[in-house]
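Every read-out reported here was derived from the displayed coordinates using simple, explicitly stated rules and does not represent laboratory data. None of these values were measured; they are calculated from a predicted model. Reconstructed Cβ throughout: ideal geometry from the backbone, glycine too, with neighbour counts over all protein chains shown.
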Amino acid sequence: MTDKTYTPPKVWTWDQDNGGKFAGINRPTAGARKEKKLPVGRHPLQLYSLATPNGVKVTVMLEELLASGISAAEYDAHLINIMEGEQFTSGFVAINPNSKIPAMLDHSTSPPTPVFESGAILLYLAEKHQMLIPADTAKRTACLSWLFWQMGSAPILGGGFGHFYAYAPEKYQYPIDRYAMEIKRQLDVLDQHLAQNRYMCGDEYSIADIAIWPWYGALVSNKVYEAAEFLQTQQYTHVLRWNDEIAKRPAVQRGRMVNRTWGEPSSQLHERHDANDFDTKTQDKLSPA
């Protein structure tokens, strides 16, 4: 071990310059930092998000519902630039006091219903439309168990391993080793389960898959943190099989594009207000102006 020993002070104080890539937006306090209303489109569902793994969960869910013929799932997806602190505007905080994407406002109810936390949004939409969640009590319980597994496990992947491996201003062996060990354990949990099941809930594609895939599918296919070699993700063959099958779904491919501001221009649909936007408003089709 080469890490320097750190002795915590008796009372912690915030160092505004500490935090690396996210130092400019992270603070130890909550609440709005500036007054700004959120835009509102013409559809019942208004989504305010970015195509991080948590954001992708919701856009995939909405595209799957639309692909199943649920017209009430039509939505406007407004881009929230988290690096510019847009999640701390008064309009966004009114929907999500925790100031994290994604957040959604359902205008089909009176008054409109705010929903935040990606897992809660998936469950809200699944129950509202009776889709992508098993009707059988035992299968539904298993589905929710895996949904909540993802909600508890992914912060270890993103805020734990991803932060210290990819984003921390200083690299230390202990936190990287500690989180790498846990992430490999999580991948083994998934791999053993998927060795016996096509999807997370047997043969039924569900919100459990939609929640888990943007994080762990991206990890094994080297689309986040560029850590596939480091973690030897090729050994998780059942996760790779599952990832590949889900990635081929047309609704998943569309959902990954929404609110995306990086990668190939043809994969970026900064905002989505109509189904035709996938054909006409990706960044490769828009003029530089």
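Could you tell me whether the range 227-249 includes any residue that is β-branched (V, I, T), touching a residue at least 24 places away in the same chain (Cβ under 8 Å), touching a Pro at 6+ places or on another chain (Cβ under 8 Å) and within 23 Å of E117 (Cα to Cα)? If you could, list the steps in order and put the result at the bottom.
Initial filter on the range 227-249 (β-branched (V, I, T)): 233, 237, 239, 246.
Going one step further and asking which of them are touching a residue at least 24 places away in the same chain (Cβ under 8 Å), we end up with 233, 237, 239, 246.
When the remaining residues are screened for being touching a Pro at 6+ places or on another chain (Cβ under 8 Å), the result is none.
Among the residues of the range 227-249, not one is β-branched (V, I, T), touching a residue at least 24 places away in the same chain (Cβ under 8 Å), touching a Pro at 6+ places or on another chain (Cβ under 8 Å) and within 23 Å of E117 (Cα to Cα), which makes the answer no.
Any idea which residue in the range 252-289 is farthest from K223 (Cα to Cα), counting only those that are in a helix (DSSP H, G or I) and touching a residue at least 24 places away in the same chain (Cβ under 8 Å)?
F278
For the range 160-240, give me every one of the helices (runs of 4 or more DSSP H) that falls completely inside it and has 1 or more residues that are surrounded by fewer than 15 Cβ atoms within 10 Å (Cβ to Cβ), of a type in the set (V, I, T) and at positive phi.
none
Inspect all residues belonging to the range 41-51 and state whether any of them is in contact with a helix residue (DSSP H, G or I) (Cβ under 9 Å, 6 or more places away or on another chain), touching a residue at least 40 places away in the same chain (Cβ under 8 Å), exposed (fewer than 14 other Cβ atoms within 10 Å of the Cβ) and among the basic types (K, R).
No, the conditions are met nowhere in the range 41-51.
So, in the range 233-260, how many residues would count as being over 16 Å from the mean Cα position of the chain (by Cα), closer than 19 Å to H193 by Cβ and not basic (K, R)?
11
Quick one: in the range 226-253, which of the residues that are of a type outside the set (A, V, I, L, M, F, W, C) and touching a Leu at 6+ places or on another chain (Cβ under 8 Å) is nearest to M181 (Cα to Cα)? Walk me through it before giving the result.
Of the residues in the range 226-253, the ones of a type outside the set (A, V, I, L, M, F, W, C) are 226, 229, 232-238, 241, 243-245, 248-250, 253.
If we keep only those that are touching a Leu at 6+ places or on another chain (Cβ under 8 Å) as well, we get 233-234, 236, 238, 241.
On the way: T233: 12, Q234: 16, Y236: 14, H238: 19, R241: 22 Å.
Filtering first and then ranking leaves T233.
Please enumerate the residues belonging to the range 129-143 that are in a helix (DSSP H, G or I) and either free of Cβ contacts under 8 Å to residues at least 12 places away in the same chain or within 14 Å of the chain's Cα centre (by Cα) (or both).
In the first step, residues of the range 129-143 are kept if they are in a helix (DSSP H, G or I); the result is 129, 137-143.
Those that are in a helix (DSSP H, G or I) and either free of Cβ contacts under 8 Å to residues at least 12 places away in the same chain or within 14 Å of the chain's Cα centre (by Cα) (or both): T137, A138, R140, T141.
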